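The values are calculated or read from the model by the stated rules, or taken from the named source; none is laboratory data. Note that this is a predicted model, so its numbers are computed, not measured. Using ideal geometry, Cβ is built from the backbone for each residue, glycine included, and neighbour counts are taken over all protein chains shown.
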Amino acid sequence: MDQLAKINRILVFFLLIVVFLYWGAPFLIPFIFGIFFAFLMVPLCNFLEKIRINRTIATLLSTLVVFIVFGSVLFLFIYQIHLFVSDIPSVEDKVVSFIESTQNKIESITSLTLGDQNEILAERSDQIIEKLEPFVTGFFGNVFGTVFSFLLVLVYVFLLLLYRKKLIDFVMMYIPRGEKDTAEDTLSKISKVAFHYLWGRAQVMILLGIMFFITFILFGLPYALLFTIFGSAITIIPYIGPLLSGLLPILFSFVYFESLEKILFFSTLVIVIQLIESYVLEPLILGKEVQLNPLIVIVAIVLGGIMWGLAGMILFVPIFAMIKIISLNHSGLQPIGFLLGHGEMEESKRQK
């Protein structure tokens, strides 16, 4: 009976967390973005304070760096989308020409006439548009929603950096006297590993963007900067992101490139770049220390998408990574850390 009551309490606790995450999304999404950006800026803020710059000024300068870097990326992305939208008529002509060329090839290879193909295309096109339209609308709605939330995120970054010592002291007030040293060490590890994850992810995205941009420019792919920014940014969503980052430029190459050899060479190069990102850059820069169990990554993406949309698909993976870090550094939660991790049995034993 006691065991059943304990299970019920656990289930109620998790249900309350889910309700809180779902209904608290308008507040939590910009706040958690603010936390992650603050983690990235803590080393810079500490450095500025060490060279005798006032904490408020150091915090303001660190927040300004976030504004300049991420604001510039957002501006470039929105500007490139504007150029793409304004150029849609020419894109449409290219797509129509590509479809007609493909239909002629299909007719020469199979017994399907142009009339039969048009009939099949007419039947399927409405279904495709119906499914694609909400996705595109939702995606760009999330992008513009993020832009409007950006100022709020900057406010959170500034305040979190300014009062970071006060927040740590607040947490330490709940720690028993005999465990304060262990708790401080744990908080230090969480901060370092969280920064390592976030900065490592940023480095991977930058290197991937450089490789993409050089490839797109060399092959003369239109909207190279748009595909580079989108392709680099979307890879923050594991598995789904890398697939989309390479799929879109490859699809456009079918429309814009006339030579089949050029299309195949371009597609092969994009796939090779993605393999380098997944199997060389990520393990080398991020390391096993912050990797999650692939099953947990999928669960995080699905849950995040259900509860917070695109922002959830981005945020839930690093949130789970931070939960893993906390669990591995807490004796009572190490089984959870082991479950979330990528086979860190030896690591969890070492940290006991």
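See the values below:
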{"read-out": "Filter pass, Thr182 being over 23 Å from the mean Cα position of the chain (by Cα), on the phi < 0 side of the Ramachandran plot and in a helix (DSSP H, G or I)", "value": "yes"}
{"read-out": "Criterion violated by Met172 - all others in (1) in contact with a Leu (Cβ under 9 Å, 6 or more places away or on another chain); (2) closer than 30 Å to Glu282 by Cβ; (3) loosely packed, with under 15 Cβ neighbours inside 10 Å satisfied", "value": "(2)"}
{"read-out": "So Ile168, is it at pLDDT 80 or above and of a type outside the set (Ser, Thr, Tyr)", "value": "yes"}
{"read-out": "Residue among Gly209, Gly231, Gly246 that is in contact with a Phe, Trp or Tyr (Cβ under 8 Å, 6 or more places away or on another chain) and either assigned to a helix (DSSP H, G or I) or under 16 Å from Ile271 (Cα atoms) (or both)", "value": "Gly231"}
{"read-out": "Unmet criterion (only one of (1) modelled with pLDDT of 80 or more; (2) over 15 Å from Cys45 (Cα atoms); (3) in a helix (DSSP H, G or I)) for Ile175", "value": "(3)"}
{"read-out": "Subset tally (residues that are in a helix (DSSP H, G or I), of a type in the set (A, V, I, L, M, F, W, C) and surrounded by 19 or more Cβ atoms within 10 Å (Cβ to Cβ)) for region 215-228", "value": "4"}
